[in-house]
Structure formats: structure tokens, C-alpha cells
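Please read the structure below before turning to the comments.
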């Protein structure tokens, strides 16, 4: 149930380009792979150096782990595909909320899209909002009590 609120937490998994996304998808279908193994699968009609450079960029973005294997590297995902998708969705939502002078307008778009997609998900969103309000209210009350005791 916390999946919607976790969307708003920044993760180091954002700003992924289409080629990077394609390579992450290819790696998600395996435990790990070298550049040669990814190319030999036949699903990537790309030059060796293109794949190598893109995997290196993904490694530098902290999206992949790698270990030396001879003269090459063996790459594996640092995060699950679900975590990457969640981060990308969170980034899109943060950009949407920051794009308007009145954040309620993009929120209305979100509610509309959620309700069109799945009415039960809209109920879940409402429950999450109510739970978050209770949590924030409890935190606010605790903070006020802490200030009073000082």
C-alpha cells in the first residue's frame, strides 16, 4: 500500500535514456552478462563499443554492478526492474507537480488517470493519503510536545 508514497522519494535511478532502458531490460532477463553476451543474444543490433559505453554510463549512474572477468566486465542490475520503474514514475510525478504554479491541477490529472485505470487503486490512494495525514499529524503533535518540554 505504500507504493504510491514511495514514488515521491528521490532515488538515484532517474534520467534513463531509451538505449539505457533497453540495456537494463536485457540485463533484467539474465542474472548478469558481459557486453559480448548481450550482443550475441541477437536482441541488440548495436555496435560492441555502443553497448560497452552505455553499460559504463549505467555503472557510473550507480544502476549496475560490475566485476572484472578477464579483459571485460560482467554487469548485473543493482536495483530490480520494479525499483527502476518506481523511480522513473516518481521523477515524472515530481516534474509534473513542479511544472504548475498551482500543484492541485497536476494532482487532479493524477487522480483522473488513476480512476480511469483502476477504481480500486483510487480507493488505495485515498487510504494512503489518510494514513499519511495521520502520520504527519502524529509527528506534528510530537514535535509540539517536544518544544513545550524544552
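The values are calculated or read from the model by the stated rules, or taken from the named source; none is laboratory data. All figures in this text were calculated on a predicted structure; none of them were measured in a lab. Don't worry about glycine lacking a Cβ; one is built from the backbone with ideal geometry, like all the others, and counts go over all protein chains shown.
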* **Matching residues in the range 94-113 - criterion: being over 24 Å from residue 15 (Cα atoms) and surrounded by 12 or more Cβ atoms within 10 Å (Cβ to Cβ)** => 105, 111
* **Test: residue in the range 122-144 that is free of Cβ contacts under 8 Å to residues at least 24 places away in the same chain and not in a helix (DSSP H, G or I)** => no
* Scan of the range 39-82 for residues that are surrounded by fewer than 15 Cβ atoms within 10 Å (Cβ to Cβ) and either touching a residue at least 60 places away in the same chain (Cβ under 8 Å) or closer than 30 Å to residue 114 by Cβ (or both), ordered by number -> 80, 81, 82
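If you go through the range 103-112 one residue at a time, do you hit one that is outside any helix (DSSP H, G or I), at pLDDT below 85, over 20 Å from the mean Cα position of the chain (by Cα) and farther than 26 Å from residue 24 by Cβ?
Narrowing the range 103-112 to residues outside any helix (DSSP H, G or I): 103.
Filter once more, keeping what is at pLDDT below 85: 103.
Now drop any that are not over 20 Å from the mean Cα position of the chain (by Cα), which leaves 103.
Of the ones still in play, those that are also farther than 26 Å from residue 24 by Cβ are 103.
Within the range 103-112, one or more residues are outside any helix (DSSP H, G or I), at pLDDT below 85, over 20 Å from the mean Cα position of the chain (by Cα) and farther than 26 Å from residue 24 by Cβ.
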